[in-house]
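What follows is one structure encoded as structure tokens, with my remarks underneath.
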Amino acid sequence: ATPTAVMVGTGVGASQGVLIKGGQALESAHKVNCIVFDKTGTLTVGKPVVVNTRLLKEMLPREFYEIVAATEVNSEHPLAKAIIEYAKKLREDQEKPVWPEVQDFVSLTGQGVKAIVRNKEIIVGNKSLMLESNISIPMDAEEALAEAEGMAQTGIIVSIDREVAGVIAISDPLKPGAREVISILKSMKVKSIVVTGDNWGTANSIAKEVGIEAVIAEAKPEQKAEKVKDLQASGYTVAMVGDGINDSPALVAADVGMAIGAGTDIAIEAADIVLMKSNLEDVITAIDLSRRTFFRIR
Ligand code: ADP
Ligand code: MG
């Protein structure tokens, strides 16, 4: 393609809300034959809501959620936002809730959060975080987790002073049209894969819903990038589509990193292409534009 054709292509992209950062990004996109999708906020709406709570200790939901919210209020994660929203509803001061003070807040990317609240050690997150913290998961908690995962929900475990106190089930539905995008990509001979930090049960349920066969779950940010590199090593030209801080290593590793416009600034910076309208359909727009630019004039 001539420099003019590339400029035109980039301009057309911009006018459609597909921000292409330079000619190289536009060129690479036409060779893409494999796309790695993040789950939360990419395939799913990214506005999760609490749909169920299994309390395993004798405490009031209000008290339980106060402690959890105090810990999560410092987190940027969509799951944290869902928990805060739910916790607010259990209180009288709904508009401007004042959560208990916390000390020693720690955020573990792709795993959860920890803090000291009311002199108790609170850990909120997934199974791997509990296992790494040497907290054993009782049978009723396992049951609640399995039930949530079967329905494509995420089960979040809450431990208080190293004992599991409850499981929160959070639902984050697929974006409308996601299934169709995957099916169109298939017809374009592009293979799709889901890579998520979420657990295997939830990941498999979502993948089935959207029509993707290949799934990698419980992946930390570096493992998302590793998967991209593995695919490249087996000969694929790989695009990564993601929205989170946790996706940025993979966005950089990919031949074409595509960030969801509504995603975090770090992901947007790491990407080669930004989907400003946050529409999954624009993954196709980008590839299509590149194919038209680079197959037309050679
Ligand atoms: P995804 O790859 O689907 O965007 P992440 O890598 O961000 O997911 O998170 C992976 C998992 O880590 C989540 O499904 C959740 O179980 C846990 N997690 C991450 N952040 C938090 C948080 N702030 N509170 C509770 N759990 C969290
Ligand atoms: Mg995400």
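Considering each residue of segment 240-250 in turn, none proves to be in contact with a strand residue (DSSP E or B) (Cβ under 6 Å, 6 or more places away or on another chain) and more than 14 Å from ligand 2 (Cβ to nearest atom).
Considering each of Ser290, Ser248, Ser205 in turn, give the residue that is among the hydroxyl-bearing types (Ser, Thr, Tyr), outside any strand (DSSP E or B) and closer than 15 Å to Gly41 by Cα.
Working: Ser290 fails: closer than 15 Å to Gly41 by Cα; Ser205 fails: closer than 15 Å to Gly41 by Cα.
It is Ser248.
If you go through segment 234-248 and pick out every residue that is surrounded by fewer than 20 Cβ atoms within 10 Å (Cβ to Cβ) and modelled with pLDDT of 95 or more, you end up with 3.
I'd like the full set of residues that are within 16 Å of ligand 2 (Cβ to nearest atom) and not in a loop (DSSP other than H, G, I, E, B), limited to segment 157-191. Spell out how you get there, then give the answer.
Keep residues of segment 157-191 that are within 16 Å of ligand 2 (Cβ to nearest atom), which gives 170-175, 178.
The answer is Ile170, Ser171, Leu174, Ala178.
Restricting Ala115, Ala70, Ala82 to residues that are under 30 Å from Ala239 (Cβ atoms), among the small types (Gly, Ala, Ser) and in contact with a strand residue (DSSP E or B) (Cβ under 9 Å, 6 or more places away or on another chain) narrows the list to Ala82. Scanning segment 251-265 for residues that are within 11 Å of ligand 2 (Cβ to nearest atom), surrounded by fewer than 23 Cβ atoms within 10 Å (Cβ to Cβ) and either within 20 Å of Asn204 (Cβ to Cβ) or not polar (S, T, N, Q) (or both) yields a count of 1. Applying the set (1) over 12 Å from the mean Cα position of the chain (by Cα); (2) hydrophobic (A, V, I, L, M, F, W, C); (3) within 16 Å of ligand 2 (Cβ to nearest atom); (4) surrounded by 17 or more Cβ atoms within 10 Å (Cβ to Cβ) to Leu231 leaves exactly one unmet item: (3). Counting only strands (runs of 3 or more DSSP E) that sit completely within segment 39-152, those holding 2 or more residues that are in contact (Cβ under 8 Å) with a residue 60 or more places away in the chain and not charged (D, E, K, R) correspond to 49-55.
Residues are listed down the side, and each one gets a yes or a no for (1) within 15 Å of ligand 1 (Cβ to nearest atom); (2) surrounded by 16 or more Cβ atoms within 10 Å (Cβ to Cβ); (3) in the same structural domain as Gln111 (by TED's automatic domain parsing):
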position	(1), (2), (3)
Cys34	no, yes, no
Phe37	yes, yes, no
Glu58	no, no, yes
Ala70	yes, yes, yes
Lys88	no, yes, yes
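Only one of the numbered conditions (1) without any contact (Cβ under 8 Å) to a residue 60 or more places away in the chain; (2) part of a helix (DSSP H, G or I); (3) not aliphatic (A, V, I, L, M) is not met by Gly257, and that is (2). When segment 22-38 is filtered for residues that are away from ligand 2 (no atom under 16 Å from the Cβ), within 16 Å of Asp288 (Cα to Cα) and in contact (Cβ under 8 Å) with a residue 60 or more places away in the chain, the ones remaining, listed by number, are Gln24, Ala25, Leu26, Glu27, Ser28, Ala29, His30, Lys31, Val32, Asn33, Cys34.
What about Gly263, is it within 15 Å of Leu19 (Cβ to Cβ), within 16 Å of ligand 1 (Cβ to nearest atom), in the same structural domain as Lys191 (by TED's automatic domain parsing) and modelled with pLDDT of 95 or more? It would help to see each step written out before you state the result.
On the way: within 15 Å of Leu19 (Cβ to Cβ): yes; within 16 Å of ligand 1 (Cβ to nearest atom): yes; in the same structural domain as Lys191 (by TED's automatic domain parsing): yes; modelled with pLDDT of 95 or more: no.
No: the conditions fail for Gly263.
Could you grab me the full set of residues in segment 90-107 that are touching a helix residue (DSSP H, G or I) at 6+ places or on another chain (Cβ under 6 Å) and within 16 Å of ligand 1 (Cβ to nearest atom)?
Result: Trp99, Val102.
Evaluating Gly41 against the criteria (1) outside the structural domain of Val283 (by TED's automatic domain parsing); (2) small (Gly, Ala, Ser); (3) within 16 Å of ligand 2 (Cβ to nearest atom) leaves one unmet condition, (1). Selection within segment 115-132: residues that are polar (S, T, N, Q) and within 13 Å of ligand 1 (Cβ to nearest atom). The member of this set that is modelled with the lowest pLDDT is Ser128.
The values are calculated or read from the model by the stated rules, or taken from the named source; none is laboratory data. Keep in mind that what you see is a predicted model, and the values were worked out from it rather than measured. Using ideal geometry, Cβ is built from the backbone for each residue, glycine included, and neighbour counts are taken over all protein chains shown.
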